[in-house]
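Worksheet for the structure shown next.
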Amino acid sequence: MAERPDVRVANPGVIIVKPKVELQPVVLVFRKPRGETRWERFTEHLLAVEVQSPSTKVYDRDHKRPAYLSLGVKEVWRVDLDREIVFVSTLGGAVDQPHAEMIRWEPPGLGRSFTLAVRPLFRDLA
């Protein structure tokens with residue numbers, strides 16, 4: 001049985017597709033092939049998280065979200081601080097599904113799911 005590459009979390013992360021694409025989500029969950037150290041060699045991106053502000057809302061929604069998905073990121077979360085909601089989009093599936101209470105994340109290939117309570121994310125931000 002083959003070993004799975006390590007799953008890593010980076011804050012911020014970088015998705016690089018040479019020669020001209022470089023995106024930096026606030027949080028990136030990805031598989032790191034054994035022995036590899038260059039961002040452009042990491043090609044299996046499981047989750048990209050963006051925290052939008054009033055000045056980045058349209059850019060994050062209309063440009064970055066579709067860019068992440070077109071580059072093969074499996075799931076994109078847009079955290080809306082004003083509305084206290086997390087919008088979830090999946091590759092080949094849901095687009096901007098709002099979650100105000102709970103998010104259940106099932107990373108491909110890990111054989112387990114994670115549940116995240118949304119409301120506590122916004123506690124003490126006011």
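Read-outs throughout are calculated quantities, based only on the coordinates presented, and are distinct from any laboratory measurement. Owing to the predicted nature of the structure, the values given are computational and were not obtained by experimental measurement. We place every Cβ from the backbone using ideal geometry, glycine too, and count neighbours over all the protein chains shown.
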Mean Cα-pair separation over length for the range 6-98, i.e. relative contact order, pairs under 8 Å, 6 or more apart, %
19 percent
Mind checking which of L91, V73, T43 is farthest towards the positive end of the chain's charge dipole, using Cβ charges of +1 (Lys, Arg) and -1 (Asp, Glu) about the Cα centre?
T43
Need one number: nm distance between label points at V7 and L71, each 7 Å from Cα along Cα→Cβ, rounded to one decimal.
2.1 nm
Applied in sequence order to the range 41-53, the curve 6.51 cos²θ - 1.76 cosθ + 1.60 (Karplus, θ = phi - 60°) yields integer Hz couplings, x standing for Gly and Pro, of 8, 7, 10, 10, 9, 8, 8, 10, 10, 10, 9, 8, 10
Taking the Cα centre of the chain as origin and charging only Cβ (+1 Lys, Arg; -1 Asp, Glu), how large is the dipole, in debye to the nearest 20?
340 debye
So what's the back-of-envelope 222 nm ellipticity for the chain, counting only DSSP H runs of four-plus at -39500 (n - 2.57) apiece and dividing by all residues, rounded to 500?
-1000 deg cm²/dmol
What Kirkwood radius, in Å to one decimal, follows from the Cα pairs of the range 6-98?
13.4 Å
Report, by chain and number, residues whose modeled amide H sits under 5 Å from the one on K74, excluding near sequence neighbours (fewer than 5 apart, same chain).
H45, L46, L47
Cross-link partners of K57 among aspartates and glutamates (Cα-Cα below 16 Å; sequence separation of 8 or more within a chain)
D80, D82, E84, D96
Net lengthening on full extension, V17/S55 (0.36 nm per residue, minus Cα-Cα):
11.1 nm
In what order do R112, R119 fall by count of nearby beta-carbon atoms within 10 Å, going from fewest to most?
R112, R119
Residues meeting the amide H criterion for I85 (H placed from the backbone, H to H distance under 5 Å, 5 or more places apart or on another chain) are D80
